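Following: one structure in structure tokens, then a few remarks.
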Amino acid sequence: FDNGQHILMGCYDETISFLEKIGSYSKLDIQDSLSIPFVRPGGAIYKLTAKKNLYPLNILFSILNYRALSLKERFKVIDFFLDLVCCYSCDLKDKTVKEWLDCKRQSGNSIKSLWEIITVGALNTRIEYASAEIFSDILKIIFFTGNRSSKIILSKVGLSGLYCEPASDYITRRGGKVILSERIIKFITEDNQIAGVISDKHEYTGFDAVLFAIPAYALEKISSESKCDLAIPELNYSPIVNVHFLLNKNTFTEKFYGLIESEIHWVFNHGSYITAMTSAAENLIGLEGQKISEFFASELKKYFPIFHKENIISSKVIKEKRATFIPDVSSNEKRNNFKESIKGMFVAGDWTDTGLPSTVESAVSSGRRAAQRIITSLK
């Protein structure tokens, strides 16, 4: 099982380009057009669906047909999007998503049935903490950069099969070497230039450049051991909990579902098993795996009358305590202020100054930019 289910979108240009380069693009399942089934307790399904044609009017029609909201609420959501495109009636720089939604008079039902699900899915944090500025940029990219941008993309294979193995093969076929299970402890600098990297097994010297593609907290630990202050941003982190249920009978018909007003945010259908996922899982991360599994099974029964606990053969709970950094109001400035200050040492990661939240797209974008900086430095 993967550590967690990842959703890609059609606007992930950097990620799609990367997957094409390493030969993984064919492993993607891409929607023809936006279609998300949202579920309420009792099993009622409301689809947010945009047809292929008449972009961008198809986005407005999809909202008008989203019957989880009243007609008045749907017009308020459309007004929100029109304001997003044309101008701001609120200054977003220091606002949370919750404050922005209140400014735009979005109803409690609209927030529960649409905005919370989108915010938590995109930013992995609650609307009370999420930066409105980052969220507004994400909404513009998803809904207003072409019809393909809002398409949901899922992987047909596990993440290792989609990213890791093809990337490793790509590197080795071109003369590179991939070394696994070796922990970097510290690096050595001379005259503010990186001169050596020490792992738990080897010491590396005589290189042109070093790229650290790791989380901020991991780089902070290495930097501390190296007695070097890199001014790494201190970010807050949010957990994700996934429960994989192996089934003897699968009664789910859609490839995935979004759950309205549930501790479970998404359910993914893999055929022989399903994955239930909770982002911003602070309320669950401290519970024992068995209790989480039992709670998720009960919650699924509440939303899907077709689901029966007797169909569960086994379950696997996977918890990530620091799955993503929280793109809150303070994170923008912290990320912007981080600079690569040691010659020959470069940094990549979704937490760097990409202008994006903690996503695969942000990570891939940072990697490409770092590679360009390395190439420029070697000319």
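The values are calculated or read from the model by the stated rules, or taken from the named source; none is laboratory data. Predicted model, so just to flag it, every value in this text is computed and none were measured. Glycine also receives a Cβ, built like all others from the backbone with ideal geometry; neighbour counts cover every protein chain displayed. Remember, those area values only see protein heavy atoms, side chains included, never the ligands or the DNA or RNA. Shrake-Rupley method; radii C 1.70, N 1.55, O 1.52, S 1.80 Å.
Restricting attention to segment 224-252, and to residues there that are polar (S, T, N, Q) and within 22 Å of D328 (Cβ to Cβ), which single residue is surrounded by the most Cβ atoms within 10 Å (Cβ to Cβ)? Of everything passing the filter in segment 224-252, S238 is surrounded by the most Cβ atoms within 10 Å (Cβ to Cβ). Sub-6 Å Cβ pairs linking a first residue in segment 7-33 that is more than 15 Å from P357 (Cα to Cα) to a second residue that is open to solvent by 40 Å² or more (accessible area, probe 1.4 Å) and of a type in the set (V, I, T), at least 6 apart or interchain, are K27/V157, ordered by first then second residue. Checking each residue in segment 261-288 for being open to solvent by 20 Å² or more (accessible area, probe 1.4 Å), touching a helix residue (DSSP H, G or I) at 6+ places or on another chain (Cβ under 8 Å) and assigned to a strand (DSSP E or B) picks out only W266. If you check every pair at least six apart or on different chains, which have Cβ atoms under 6 Å apart with a residue in segment 97-108 that is in contact (Cβ under 8 Å) with a residue 12 or more places away in the chain first and a residue that is aliphatic (A, V, I, L, M) and open to solvent by less than 50 Å² (accessible area, probe 1.4 Å) second? Final answer for the pair search is V97/I127; V97/A130; V97/A132; K98/I127; W100/A132; L101/I111.
Scanning segment 305-327 for residues that are farther than 28 Å from I45 by Cα, part of a strand (DSSP E or B) and not small (G, A, S) yields K319, E320, K321, R322, T324, F325.
Condition check ((1) of a type outside the set (F, W, Y); (2) in contact with an Asp or Glu (Cβ under 9 Å, 6 or more places away or on another chain); (3) closer than 14 Å to L8 by Cβ; (4) surrounded by 15 or more Cβ atoms within 10 Å (Cβ to Cβ)) across all residues:
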position: Q106; (1), (2), (3), (4): yes, yes, no, yes
position: N109; (1), (2), (3), (4): yes, yes, no, no
position: G121; (1), (2), (3), (4): yes, no, yes, yes
position: N147; (1), (2), (3), (4): yes, no, no, yes
position: K156; (1), (2), (3), (4): yes, yes, yes, no
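Within segment 362-373, is even one residue open to solvent by less than 20 Å² (accessible area, probe 1.4 Å) and within 30 Å of E190 (Cβ to Cβ)? Looking for residues that are open to solvent by less than 20 Å² (accessible area, probe 1.4 Å) and within 30 Å of E190 (Cβ to Cβ), one finds at least one in segment 362-373, hence yes. Against the test of being closer than 27 Å to G158 by Cα, in contact (Cβ under 8 Å) with a residue 60 or more places away in the chain, out of contact with any strand residue (DSSP E or B) (no Cβ under 7 Å at 6 or more places or on another chain) and not in a strand (DSSP E or B), the options K291, K249, K302 yield a single qualifying residue, K249.
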